[in-house]
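These notes are about the structure you will find just below.
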Amino acid sequence: MEKEEAGKFTLNTFALSKMGHIGLVLLLLSGVYPIIPFISTLSARPLLIAKLMLVVVLIILILLLDSAAKKAQKGDLLNQLKKIQTREKFHLLPH
C-alpha cells in the first residue's frame, strides 16, 4: 500500500473508535448501579478502589487516542500517528 493510501486507510479506521466510546458509556452505566451499596464502605475495599482507578485510566487513554485521531484528521497525520502507533504494526512511518 502506498503511503498516501495507507494514511487515508488509517484515518478511516478511526471511525471504529465510536465503538470504544459506546463501550465506555455502557461500562459506566452498567457499573454505577452495582457500586451504589458499597459507596459507604469504599475505603475498606481496596480491590474496588483499584477497579475504579483502572476505569479512570481507561477513560484517559481513550480520550488521548481520540484527541490524537481528531488532530490527525485535521491534517497533522504523521505527527499524530507517531503518538499512537506501534512501530512493528504500522509501516507508514519510517523506523
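Brief remarks on what is shown
- Residue match in region 81-93 (condition: hydroxyl-bearing (S, T, Y) and at pLDDT below 65): yes
- When each of T41, T10 is tested for being at pLDDT 85 or above and either over 18 Å from the mean Cα position of the chain (by Cα) or surrounded by 14 or more Cβ atoms within 10 Å (Cβ to Cβ) (or both), the lone residue that passes is T41.
- Region 35-51 residues that are part of a helix (DSSP H, G or I), paired with ones that are among the basic types (K, R) (beta carbon under 8 Å, 6 or more apart): F38/R45
- Close contacts from region 63-80, counting a first residue that is of a type in the set (K, R) and a second that is part of a helix (DSSP H, G or I) and at pLDDT below 70, with Cβ to Cβ under 7 Å and a gap of 6+ residues or different chains, come to K71/Q80.
The values are calculated or read from the model by the stated rules, or taken from the named source; none is laboratory data. None of these values were measured; they are calculated from a predicted model. We place every Cβ from the backbone using ideal geometry, glycine too, and count neighbours over all the protein chains shown.
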